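Computed from the coordinates by the stated procedures, all read-outs in this text should not be read as laboratory data. Here the structure is a predicted model, which is why all the values come from computation and not from measurement.
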Amino acid sequence: MLFISIFLAIFTLMACSNETTAKSEPQTSKQIDKSEETIKEIEIVAKTGPNPEDFVFEPAEVTVKEGETVNITLKSADQVKHELWLPKIKGARVASGESVQFTPEQAGEYLGSCSELCGVGHAIMSFKLIVQ
Ligand SMILES: [Cu+2]
């Protein structure tokens with residue numbers, strides 16, 4: 001009888017410990033979600049056309065917070081290759097079809113431009129990142 005009681009006690013403890021393990025798993029995935037929340041995802045589309053003024057980044061202005069990690073994905077609307085470059089922010093350079101991640105450390109307004117010769121309106125393709 002004592003043997004059966006000990007067996008039942010061990011069995012109950014094992015069942016409880018399994019339950020604890022199962023409960024701790026969702027917390028792990030929550031932590032992963034939380035780290036992804038701190039990255040601001042920004043999608044910018046580069047557009048061209050027959051006239052110089054058709055060459056634009058959309059949106060042409062984006063506001064982010066100081067110290068916030070930013071992930072910029074640059075897309076091309078028409079297969080023309082572009083590259084968005086913010087020379088005053090370290091690492092802030094991305095070609096169309098790619099993404100770049102960086103963290104602006106100082107508030108201010110940062111001008112960007114296209115650094116890939118893309119056509120008649122290339123020189124006027126401008127972008128502004130506002131860091132608050
Ligand atoms: Cu260009």
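Put simply, the amide H of Ser76, placed in the peptide plane, has neighbours under 5 Å in Ala46, Gly97, leaving out anything fewer than 5 places away on its chain. Computed from phi, the 3J(HN,Hα) profile of segment 103-109 under the Karplus parametrisation 6.51, -1.76, 1.60 (θ = phi - 60°) reads 10, x, 9, 9, 5, x, 10 Hz, with x in place of Gly and Pro. Over all distinct alpha-carbon pairs, what is the Kirkwood Rh of segment 32-128 in angstrom? One decimal place: 13.7 Å for the Kirkwood radius. With θ taken as phi - 60° and the Karplus curve 6.51 cos²θ - 1.76 cosθ + 1.60 applied, the whole-hertz 3J(HN,Hα) list for segment 50-63 is x, 10, x, 5, 6, 7, 9, 9, 10, x, 8, 8, 9, 10 Hz, x standing for glycine and proline. Of all DSSP-defined beta bridges confined to segment 38-131, some 60% are antiparallel rather than parallel.
3J(HN,Hα) couplings calculated from phi for segment 116-130 with the Karplus curve 6.51 cos²θ - 1.76 cosθ + 1.60 (θ = phi - 60°) are, in sequence order, 10, 4, 10, x, 4, x, 3, 5, 9, 6, 10, 8, 10, 9, 9 Hz; Gly and Pro show x.
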